[in-house]
Amino acid sequence: MGMFSELAFLMGDDDDDFDYISALRLEYLNIGPVPTDEPCVSVSNGDYSIEMREEVNRYVVMLENRFPNPPADTEIVVKWFDHDFGKYAEAVVVYNPDCEESARYAYFVENNTPMRWDDFDIIDWRRTA
């Protein structure tokens, strides 16, 4: 569990906004709930939250494996957002905009997300960025 995940856990992880992100002067980039070409759980699917949480957590693990060794002040986590029909979750990259390496990692992840669940390529972002 990374620093931001631990903070969310300590704050109750009740899916509220990341108040600590702004408190720590960090930013985040939305990555999405699943790989680009895959269908995702719909907000209108009855009690979708458990299935959605599992799906997005799986995607976070996939992204962490695909883009290993993030710089300090950088982590891929789940963030919940409000929607007209309830809340929905997406993977986000939390990063420090004042740290060039942290920002470079975040934008590299955003621009190189996997297309499908079976894309297990590991990308060394330091060598290709």
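The values are calculated or read from the model by the stated rules, or taken from the named source; none is laboratory data. Bear in mind that the values here come from a model prediction, so they are computed numbers and not experimental data. FYI the Cβ positions are ideal-geometry reconstructions off the backbone, even for glycines, and counts take in every protein chain you see.
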Select from the stretch 61-98 the residues that are over 26 Å from residue 48 (Cα atoms) and among the charged types (D, E, K, R) and write down the one among them that is modelled with the lowest pLDDT.
73
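For the stretch 73-85, check the following and say yes or no: at least one residue is among the polar types (S, T, N, Q) and in contact with a Lys or Arg (Cβ under 8 Å, 6 or more places away or on another chain). Walk me through it before giving the result.
Start the filter on the stretch 73-85 by keeping residues that are among the polar types (S, T, N, Q), which leaves 74.
Those left that are additionally in contact with a Lys or Arg (Cβ under 8 Å, 6 or more places away or on another chain): none.
No, that holds for no residue.
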First in the stretch 98-116 and within 15 Å of residue 72 (Cα to Cα), second anywhere and modelled with pLDDT under 95 and in a helix (DSSP H, G or I), Cβ under 7 Å, 6 or more apart:
105/125
